[in-house]
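A short worksheet on the structure shown next.
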Amino acid sequence: MKVLVAVKRVVDYNVKVRVKADNSGVDLANVKMSMNPFCEIAVEEAVRLKEKGVATEIVVVSIGPATAQEQLRTALALGADRAILVESADELNSLAVAKLLKAVVDKEQPQLVILGKQSIDSDNNQTGQMLAALSGYAQGTFASKVEVAGDKVNVTREVDGGLQTVALNLPAIVTTDLRLNEPRYASLPNIMKAKKKPLEVVTPDALGVATASTLKTLKVEAPAARSAGIKVKSVAELVEKLKNEAKVI
Amino acid sequence: MTILVIAEHTNSALAPATLNTIAAAQKIGGDIHVLVAGAACGAAAEAAAKVAGVAKVLVADNAAYAHQLPENVAPLVAELGKGCSHILAAATSNGKNILPRVAALLDVDQISEIISVESADTFKRPIYAGNAIATVQSSAAVKVITVRATGFDAVAAEGGSAAVEAVSGSADAGKSSFVGEELAKSDRPELTAAKIVISGGRGMQNGDNFKLLYTLADKLGAAVGASRAAVDAGFVPNDMQVGQTGKIVAPQLYVAVGISGAIQHLAGMKDSKVIVAINKDEEAPIFQVADYGLVADLFEAVPELETLV
């Protein structure tokens, strides 16, 4: 079974981002970029499926600038077999990304597509669901467990209040939640080997996809800051303040 | 202009987040139609009809909608919503699951987790884990939007008398099926709806020690949450997680116990009205956002707090 994994290049999760002075966006000059954490979990899940003998080939795809080749190489070092970069210097919205992924799905015909549930930059949580709609496939979002059984995949999902398990016909789309697995680190020999694995670069035009968006970002601001309050000396003082000053209990 | 609001419900009752979503619809302005898609969901539809400001309730009662499978529900919403100006759903796990599928079926972009309505086409939403707020404008024919409940005060659950109309939906798409669910059973209020939330972090040391928080919560009528560190350490299940990758809460009172205050946690609770932090490390970043900070050993302070409230 062929598995397609989509990954995104984003600002590293340890970076504290700052809003630009002209409110046009956040300042990404000279900050560390990494693979989106939820995408790392997606790659790991695909690699584990291959180790179990369920997956036969892992194709990793990214939509982004030329520099996203770094994240694709990381995925290859973690165990993906080959990579595709749909190169676009523009920042694309989820619908455009989903349409580009649909074109890749049509070409590659994977049985399972695994994506992160959301990226930590735009926080949209849309692409997997949109790809499922465009492909006409079933979707298992926010997965904490994935089990392929015959022509179906059972996905246990993190939902409000607990867990839900659904059975999806293959081919299907899965998006990862945090507890699905703990991604491994790439070893040095695997990083060296990854440099020789195939990486194909295509353009949105070549895939025949228009990427225009109906959304426009007018401005980006820093959130309202919350100032520190006071330190109380005892539990008794805390209870007194909560009752008489804040009046919340 | 008609705004279609997708009700969040349990078939027998309307979930509180629906009331916040209707509040966002009122800010946009227009006739508000609420869709209740479920199975044997008459009671939820009746509750929706009583909500202040609702013009009409559409009920799609069909076994295929019993478990809100997106493969079945999304085509129904897209069909009903294609003539509307806006389609809104709460940014719950269910809303997040279904609505992007609806948007793609309608070939429009989606705007996720809005926290304010600037005008009928312009909205604010957090990005980068709440470290920046973007103002976005949409020129889409149908604006498909998920609403972060904490950004809008709930409308009154009573006072309306909307007409209830049955709509027929398509049959089961036959792509997916419900296998089972494990929902945590609790008498405490739901995290995102609670007026008081008490959360524990890595400082709790293990899952058993969360009993201290449960006891205090039961006395205050509070919900209990946790930081991602506590969830990752396996102390408590993930659905208790408060933070960017978990639940976003904004109660009247938030008590952070043994939580250092990582950015990712702050993104989930910094809009709370009053924040209390109890931590033995006086340098913990949580004190920078707390209205009342107490530097103390939580294993002494929490039991004492319980006896005094």
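Averaging 1/r across all pairs of distinct Cα atoms in the range B:209-266 and inverting the result yields a Kirkwood radius of 11.8 Å. Amide H contacts of B:Val179: A:Thr165, A:Val166, A:Ala167, each under 5 Å away and 5 or more positions distant or on a separate chain (H built 1.01 Å from N in the peptide plane; Pro and chain starts excluded). Mean per-residue shielding of peptide B:170-176 is 4, counting Cβ atoms of other chains within 10 Å of each Cβ.
Rg over Rh for chain B works out to 1.00, using Cα positions for both radii and the Kirkwood form for Rh. Fewest-first ordering of B:Thr245, A:Thr214 by other beta carbons within 10 Å of each residue's beta carbon gives A:Thr214, B:Thr245.
Alpha carbon centre of the range A:158-237 versus the range A:69-101: separation in Å? The range A:158-237 and the range A:69-101 have Cα centres spaced 13 Å from each other.
Once each of the trypsin sites (Lys or Arg not before Pro) sitting in a DSSP loop with at most 13 other beta-carbon atoms within 10 Å is removed, chain B keeps B:1-184 as its longest stretch. All Cα-Cα separations within the range A:185-249 were binned at 10 Å from zero, giving a P(r) of 13, 15, 12, 16, 15, 16, 13, each value a whole percent of the pairs. Relative protection proxy for B:35-43, A:14-22, from highest mean packing down: B:35-43, A:14-22 (other beta-carbon atoms within 10 angstrom). Annotation for the range B:122-209: chymotrypsin sites (Phe, Trp or Tyr not before Pro) lying in DSSP loop with at most 10 further Cβ atoms inside 10 Å of their Cβ do not exist. Remark: mean inter-chain Cβ contacts per residue of B:89-97 equal 5, using a 10 Å Cβ-Cβ cutoff to other protein chain atoms. Counting lysine pairs in the range A:65-152 whose alpha carbons fall under 21 angstrom apart, excluding pairs fewer than 8 residues apart on the same chain, gives 6. Overall form of the protein assembly as shown: oblate. Here a/c, set by the Cα gyration tensor axes a ≥ b ≥ c, is 1.5 or more, and a/b is not larger than b/c.
By how many degrees, 0 to 90 and rounded to 10, does the Cα axis of helix B:210-220 deviate from the longest principal axis of chain B? The angle comes out at about 70 degrees. Looking at chain B as a GNM with Cα springs under 10 Å, which of B:Gly53, B:Gly30, B:Gly234 has the largest mean-square fluctuation? Answer for the Gaussian network model of chain B: B:Gly234.
Rg and Dmax of the range B:9-102, both derived from C-alpha coordinates alone, stand at 12.2, 34 Å. With a 10 Å cut-off around each Cβ of B:179-189, the average count of Cβ atoms from other chains is 4.
Estimated from helical segments only, the mean residue ellipticity of the protein assembly as shown at 222 nm is -7500 deg cm²/dmol, where each DSSP H run of four or more residues counts as -39500 (n - 2.57). Considering only GluC sites (Glu not before Pro) in DSSP loops that have at most 13 other Cβ atoms within 10 Å, the longest stretch of chain B without any of them is B:1-157. Cross-link reach is defined here as a Cα-Cα straight distance under 26 Å, omitting same-chain residues fewer than 8 places apart; for A:Lys233 the lysines meeting it are A:Lys241, A:Lys243, A:Lys247, B:Lys195, B:Lys211, B:Lys219, B:Lys270, B:Lys273, B:Lys280. Once the convex hull of all Cα atoms in chain A is built, its volume per residue stands at 192 Å³. Straight-line reach from A:Lys195: which aspartates and glutamates have Cα under 16 Å away, leaving out those fewer than 8 places along the same chain? Cross-link targets: A:Glu70, A:Asp81. For the range B:120-203, taking Cα atoms only, Rg and Dmax work out to 19.5, 53 Å respectively.
For the residues A:Leu238, A:Leu215, A:Leu101, a GNM of chain A with alpha-carbon springs under 10 Å puts the largest fluctuation on A:Leu238. Computed over chain B with a Gaussian network model linking Cα atoms closer than 10 Å, the most mobile of B:Gly243, B:Gly160, B:Gly268 is B:Gly160. Taking amide H positions as modeled 1.01 Å from N, with prolines and chain starts lacking one, the residues under 5 Å from B:Asn62 and 5 or more places away or on another chain are B:Gly38, B:Ala39, B:Ala40.
List the GluC sites (Glu not before Pro) within the range A:158-246 that DSSP assigns to loop and that have no more than 16 neighbouring Cβ atoms inside 10 Å. Sparse-neighbourhood loop GluC sites (Glu not before Pro): A:Glu245.
Just so you know, all these numbers are worked out from the coordinates, no wet-lab data involved. Keep in mind the model is a prediction, meaning the values are calculated, not measured. Every residue, glycine as well, gets a Cβ built from its backbone with ideal geometry; the counts of neighbours run over all protein chains shown.
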